[in-house]
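Inspection log for the structure reproduced underneath, given as structure tokens.
No lab work stands behind these numbers, since they all come straight from the coordinates. Since the structure is predicted, the reported quantities are computational estimates derived from the model, not experimental observations. Neighbour counts are summed over all protein chains in view; Cβ atoms, including those assigned to glycine, are modelled from backbone coordinates with ideal geometry.
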Amino acid sequence: MGQKGFYYDMVVCTGCKACQIACKDKNDLKVGELFREVTEYEGGTHPDVWGYSLSLGCNHCEDPKCVKGCPTKALHKLDNGIVDHDKGKCIGCRFCTWNCPYGAPQFREEIGKVGKCDLCKDLIENGENPACVDSCPMRALECGELDDLKAKYGDDSVNELPILPLASVTSPALLIKPKAAAKQKHFQKKEG
């Protein structure tokens, strides 16, 4: 069994946030809690304006810093590469939230523990896709074996963009088909 991961086509993504909402609904998250977040970036001046969205959840990294920072081993990697979270072992120390360069683990105030994307492992075990994947009307997200995704989408896919931490830090299980503007060093996160 290989490393599970995501392919994200930034070119076709409209930023509708259906993936974010489906994840929130599947995980019964409260206001302010997001295991997948769609962030919008924009910039430029007329007539050279640009914008794009980035849908990001846990990247189920090969070298997850959240796992290394967890003193109770509540965070751990499964055989299929999913970075899983055992709520029973979590003490809510938040070390994982500080260690993850992507901000994937989220402290859930209501329960006093951390939660995060588990790639909808219950759905995957039943041969289904994660909720975020099936909710995307543009089919911008795909989940599968990372090697299969690399073979399917080739070298045009990247996992390193100026808006993301260096991929060499964690080796994320994420491939992105980027918009040209996302490759630029000048970017501006849209507020609100």
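Compute the length gained on full extension between Glu40 and Thr97: take 0.36 nm times their separation in residues and subtract their Cα-Cα distance, giving the result in nm to one decimal.
Roughly 18.3 nm would be gained on extension.
So which GluC sites (Glu not before Pro) in the stretch 96-160 are both in a DSSP loop and have at most 12 other Cβ atoms within 10 Å of their Cβ?
Hits after loop and neighbour filter: Glu109, Glu110.
For every helix of n ≥ 4 consecutive DSSP H residues, a contribution of -39,500 (n - 2.57) applies; sum these over the chain, divide by its total residues, and give [θ] at 222 nm rounded to the nearest 500 deg cm²/dmol.
-4500 deg cm²/dmol
Given the pairs Lys4/Lys87; Lys17/Lys89; Lys30/Lys87, which are separated by over 28 angstrom at their Cα positions?
Beyond 28 Å between Cα atoms: Lys17/Lys89.
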